[in-house]
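The values are calculated or read from the model by the stated rules, or taken from the named source; none is laboratory data. Please read these numbers as outputs of a predicted model, since none were measured by experiment. FYI the Cβ positions are ideal-geometry reconstructions off the backbone, even for glycines, and counts take in every protein chain you see.
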Amino acid sequence: MYKASYDGSNKKVLWQELWRHEFEAALAHDPVVILPTGSIEQHGPHCPMDVDIVGPFAIAVAAAQRVDAFPLLVAPPIWSGFTHYNMGFPGTISLRLETYQHLLADVLRSIHANGFPRIIVINGHGGNVAPNAAVTTQVGEDDVFPITFSWWQAAAQEMADLSDADEGRVGHGGEWETSLQLHLRPYLIDRSKMVDDVFPNPFSAELRPFSQYAERRRDTAKVTGTMGNPLVASAEKGRQVFEAAVRRLVMLATEMHDLPVRHYKEFGSHCP
């Protein structure tokens, strides 16, 4: 079992809290690093701005705290994301697509350069899904092979089974994001301001599964910025989804730890 240089009852899991000798000790035990990504943006009138980073960060920390057999560390989260389409209400901070992608790629390369090749990116913002996939494919050419997913993908079955309104879709400040926040931080959810709303797709029902515009500023039917129904959200739903995501993240980290590190090529040579 991995022996940390600190008391197990107060185990460090945050990258930024480790001393240099603790990094060196961790490197001897095939460590895994979790990098949370998210956004600061409006989430309807009832949610705070940091929904998309608090969710994946909390899931990552909980997973790291449950693993003792090897070092599972949580890197400082990338809190800013690609989210210009939420600028219609105050509070949103958006990066240009290229800025976000460069930031993510540089952080991944840096973690790898420190000797930590096993990296998991857990995302909490819909606008980061495509950029994260593109970047993690891109850095493979540099011999960096992260696994990337969004927290709702790890709890998809539970969300579908428990859903009362949004049919398992994560939405935006709807049933599921609100439920997760009610579990993690109920004091930051204003129930008096909850309202259900949808993103209006102008195409016919047969075309909607594959034809839709990028979200536009304030482009919800009731102009609330909410997509989904938070009125049916609950802390218990949030707890069950949180636990499912944590459990599967622990499984992923454990299997990644046990597998050999993947390599693309040796620098200075061609692929065999």
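Could you please find all residues in the stretch 161-199 being over 16 Å from A244 (Cα atoms), crowded, with 24+ Cβ neighbours inside 10 Å and among the small types (G, A, S)?
Listed by number, the residues that qualify are G171, G173, G174.
Suppose the filter is under 30 Å from H263 (Cα atoms) and surrounded by 23 or more Cβ atoms within 10 Å (Cβ to Cβ); does G126 pass it?
no
Applying the selection to the stretch 160-214, what residues are under 17 Å from Y85 (Cβ atoms), in a loop (DSSP other than H, G, I, E, B) and either at pLDDT 95 or above or within 21 Å of the chain's Cα centre (by Cα) (or both)?
Passing the criteria: V170, G171, G173, G174, A214.
Across the stretch 95-138, what is the number of residues that are hydrophobic (A, V, I, L, M, F, W, C), part of a helix (DSSP H, G or I) and under 21 Å from T83 (Cβ atoms)?
Of the stretch 95-138, the ones hydrophobic (A, V, I, L, M, F, W, C) are 95, 97, 103-105, 107-108, 111, 113, 116, 119-122, 129-130, 133-135.
Next, only the ones that are part of a helix (DSSP H, G or I) stay: 97, 103-105, 107-108, 111, 113, 129-130, 133-135.
So of that shortlist, the ones also under 21 Å from T83 (Cβ atoms) come out as 97, 103-105, 107-108, 129-130, 133-135.
Residues meeting the conditions: 11.
From V51, V61, grab the single residue that is surrounded by fewer than 19 Cβ atoms within 10 Å (Cβ to Cβ) and under 16 Å from W151 (Cβ atoms).
Details: V51 fails: surrounded by fewer than 19 Cβ atoms within 10 Å (Cβ to Cβ).
Just a single option satisfies the conditions, and that option is V61.
Can you find even one residue in the stretch 223-238 that is modelled with pLDDT under 95, out of contact with any His (no Cβ under 6 Å at 6 or more places or on another chain) and farther than 23 Å from D50 by Cβ?
no
Is it fair to say D142 is farther than 21 Å from V33 by Cα, surrounded by fewer than 21 Cβ atoms within 10 Å (Cβ to Cβ) and not hydrophobic (A, V, I, L, M, F, W, C)?
Taking the combined requirement at face value, the residue does not satisfy it.
In the stretch 36-68, how many are within 23 Å of T226 (Cα to Cα), assigned to a loop (DSSP other than H, G, I, E, B) and charged (D, E, K, R)?
2
Go through the stretch 84-137 residue by residue and tally those that are in contact with a helix residue (DSSP H, G or I) (Cβ under 6 Å, 6 or more places away or on another chain), touching a residue at least 60 places away in the same chain (Cβ under 8 Å) and over 22 Å from P31 (Cα atoms).
Residues meeting the conditions: 2.
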